[in-house]
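A.B. asks: Once you've had a glance at the structure underneath, I'll fire off some questions.
Each value in this text was obtained by applying a stated rule to the coordinates, not by laboratory testing. Nothing here was measured: the structure is a model prediction, and the numbers come from that model. Ideal geometry is used to build each Cβ from the backbone, glycine not excepted, and the neighbour counts take in all protein chains shown.
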Amino acid sequence: MPEPGTPRRSPQGIPYDELQHIVNADGEHLFCRYWEPDVPARALVYVAHGAGEHSGAYNDVAQRLTPHALLLFAHDHVGHGQSEGERLTVKDFQIFIRDSLQHIDIMRQRHPSLPVFILGHSMGGAISILTACERPQEFAGVVLIAPMVQMNPESATPFKVFLAKMLNHMMPNLSLGSIQSKWVSRDPKQVEAYDSDELNYHGGMRVSFGMQLMEAANRIQRNIPDITWPFLLLHGDADKLCDIRGSQLMHSQAKSSDKTLKIYEGAYHALHHDLPDTAEATMKELTSWILERLTSSAPATQSESVKQ
């Protein structure tokens with residue numbers, strides 16, 4: 001912690017007084033981004049980024065949505081990007097949800113008449129689901145790009161789960177290995193951009209963080225049967241980072257009358273940064289889905305999974 005009176009600085013050494021930020025309930029500074037349309041906004045879209053990345057990765061998504069009078073906002077989660085906190089470490093996954101609701105409430109107060117959507121990718125998808133579950137009546141819709149809904153059954157066998165719990169007690173800081181960037185996208189340029197981005201975390205994931213992800217997935221699966229809010233699920237069937245079976249489970253078991261699952265054949269994890277055709281199809285799909293729920297009375301539509 002800095003000396004009393006010393007300006008708080010981001011992990012990159014920039015004083016937070018010079019950065020857009022909020023301060024969470026633990027007194028940690030979270031770097032924020034806002035993408036405002038040139039005309040009065042019709043809706044707010046909160047963006048939750050994934051594990052190890054940061055909010056800047058969604059600039060291209062924002063550029064597609066702001067021309068439609070949508071105001072996007074995001075922050076780097078604790079331990080990510082330009083926010084405070086030990087890298088890729090959180091004592092309780094609920095902190096991510098709490099901070100998300102805090103930021104959403106701030107924006108609601110500034111724009112009290114606007115509907116709010118949530119857009120989340122990967123771990124940010126898990127954050128989005130649990131955030132919407134805490135206030136199921138407050139969101140106009142949730143867009144999930146390759147969300148973390150369940151752990152891969154092959155990597156979360158009963159024995160491996162038991163072993164992870166033992167290690168979490170004995171060696172919580174033990175590294176489980178880093179996120180494999182080659183599985184983020186089929187586009188080599190996007191993988192190179194991911195690897196060269198200094199705001200991304202390229203180190204190993206600790207056992208303790210892995211346990212938080214596992215507990216979050218368990219919470220989501222307990223909540224799925226009670227989900228009634230509108231959602232769009234987008235997932236690549238070659239995703240090796242977040243199991244597509246989680247999205248299929250959510251689509252089949254949620255009570256929502258307005259729910260859609262789109263499957264992209266051969267696509268990897270970050271659909272919005274995958275090969276150009278897939279990225280473009282993803283952008284069009286999420287844009288049209290949000291706009292349809294703004295221009296209509298959100299008709300109840302239950303779509304079967306559709307392969308692209």
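A.B. asks: Among the lysines in the range 16-307, how many pairs, 8 or more places apart or on different chains, have alpha carbons under 21 Å apart?
C.D. replies: 11
A.B. asks: Using a 10 Å cut-off on Cβ atoms, rank the peptides 194-200, 48-54 from the highest mean neighbour count down.
C.D. replies: Ranked by mean Cβ neighbours within 10 Å, highest first: 48-54, 194-200.
A.B. asks: About the Cα centre, and with charges only on the beta carbon of Lys, Arg (+1) and Asp, Glu (-1), how big is the dipole of the chain? Nearest 20 debye, please.
C.D. replies: Roughly 720 debye, rounded to the nearest 20.
A.B. asks: Taking only C-alpha pairs under 8 Å that are 6+ residues apart, what is the relative contact order of the range 16-307 in percent?
C.D. replies: Normalised by residue count, the contact order of the range 16-307 is 17 percent.
A.B. asks: Same structure, new question: Compute the normalised compactness of the chain: alpha-carbon radius of gyration over 2.2 N^0.38 Å, N being the residue count.
C.D. replies: 0.96
A.B. asks: Compare the peptides 29-38, 263-272 by average per-residue count of other Cβ atoms within 10 angstrom and give them in order, highest first.
C.D. replies: Sorting 29-38, 263-272 by mean packing, highest first, produces 263-272, 29-38.
A.B. asks: Here's something else I'd like to know. Which listed residue (HIS49, LEU291, VAL142) has the Cα farthest towards the positive end of the charge dipole for the range 16-307, taking +1 on Lys and Arg C-beta and -1 on Asp and Glu C-beta about the Cα centre?
C.D. replies: It is VAL142, whose Cα lies furthest towards the positive end.
A.B. asks: Using the per-residue mean of other Cβ atoms lying within 10 Å as a proxy for protection, in what order, highest first, do the peptides 108-116, 18-26, 207-215 fall?
C.D. replies: So the order, starting with the most tightly packed, is 207-215, 18-26, 108-116.
A.B. asks: Once the dipole of the range 16-307 is set up with Lys and Arg at +1 and Asp and Glu at -1 on Cβ about the Cα centre, which of PHE31, ASN223, ILE106 lies farthest towards its positive end?
C.D. replies: Farthest towards the positive end: ASN223.
A.B. asks: Check ALA48: other-chain or 5+ apart residues with amide H under 5 Å from its amide H, H built from backbone geometry?
C.D. replies: Residues meeting the criterion, in which the H sits 1.01 Å from N, are LEU119, GLY120, HIS121.
A.B. asks: Only helical DSSP H runs with n ≥ 4 go in: add -39500 (n - 2.57) per run for the chain, normalise by residue count and round the 222 nm mean residue ellipticity to 500 deg cm²/dmol.
C.D. replies: -11000 deg cm²/dmol
A.B. asks: Considering only the other residues whose Cβ falls under 12 Å of the Cβ of PRO276, what net charge follows from Lys and Arg at +1 and Asp and Glu at -1?
C.D. replies: In short, -3.
A.B. asks: Taking amide hydrogens as modeled 1.01 Å from N in the peptide plane, which residues meet the under 5 Å criterion relative to GLN20, leaving out close sequence neighbours?
C.D. replies: CYS32
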